[in-house]
Amino acid sequence: MAIRIRNKKSLEFSTASMSDLVFLLLVFFILVSTLVSPNAIPLTLPNSNSPKVIDSKKDVTVYINEELQYFINDEENLIGEDQLESSLSAELKSATEGNVILRVDQTVDVQYIVNVIDVVNNVNTKRQSRYKVILATQPK
């Protein structure tokens with residue numbers, strides 16, 4: 001009499017648990033990446049009680065650090081004060097309206113802020129655009 005085995009071994013591998021794990025890792029990294037500060041240039045911003053302005057138009061960020069160095073959009077775009085108008089004009093060429101967010105260290109003189117505002121006004125006049133300058137602050 002032949003003895004039969006009721007439980008046969010299966011050589012299949014279920015990938016359902018592996019896909020769940022990959023999905024959870026993806027969600028984790030998406031959440032963590034939103035917590036990372038997008039401002040790579042370390043600045044001590046001035047304090048303000050004003051509400052945060054959120055706009056869906058094109059934004060260009062200009063940084064001025066405590067060493068009076070100008071950056072546009074990130075720390076790799078170091079520009080001189082004499083190149084500010086041409087660089088801003090190149091960054092603003094794709095749209096006719098938006099915001100220029102000015103992130104300035106609190107130790108920088110007001111004259112440097114006014115210089116950037118003048119440059120944006122010159123670009124607006126030359127190109128018939130409507131860019132607004134917004135001074136970034138941190139809450140008290």
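Residues in the stretch 81-140 that are outside any helix (DSSP H, G or I) and among the polar types (S, T, N, Q): SER94, THR96, ASN99, GLN106, THR107, GLN128, SER129, THR137, GLN138.
Restricting attention to the stretch 61-80, the residues that are of a type in the set (A, V, I, L, M) and either assigned to a helix (DSSP H, G or I) or surrounded by fewer than 19 Cβ atoms within 10 Å (Cβ to Cβ) (or both) total 3.
Let's see how each residue does on (1) loosely packed, with under 12 Cβ neighbours inside 10 Å; (2) touching a strand residue (DSSP E or B) at 6+ places or on another chain (Cβ under 6 Å); (3) among the hydrophobic types (A, V, I, L, M, F, W, C); (4) at pLDDT 85 or above:
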site: SER50; (1), (2), (3), (4): yes, no, no, no
site: ASP55; (1), (2), (3), (4): no, yes, no, no
site: ASP105; (1), (2), (3), (4): no, no, no, yes
site: ASN115; (1), (2), (3), (4): no, no, no, yes
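If the condition is being loosely packed, with under 10 Cβ neighbours inside 10 Å and in a helix (DSSP H, G or I), then the stretch 1-20 contributes ALA16, SER17.
The values are calculated or read from the model by the stated rules, or taken from the named source; none is laboratory data. For clarity, every value in this text was computed on a predicted model and none was experimentally measured. Because the Cβ atoms are built from the backbone with ideal geometry, glycine has one as well, and the counts that use them run over all protein chains shown.
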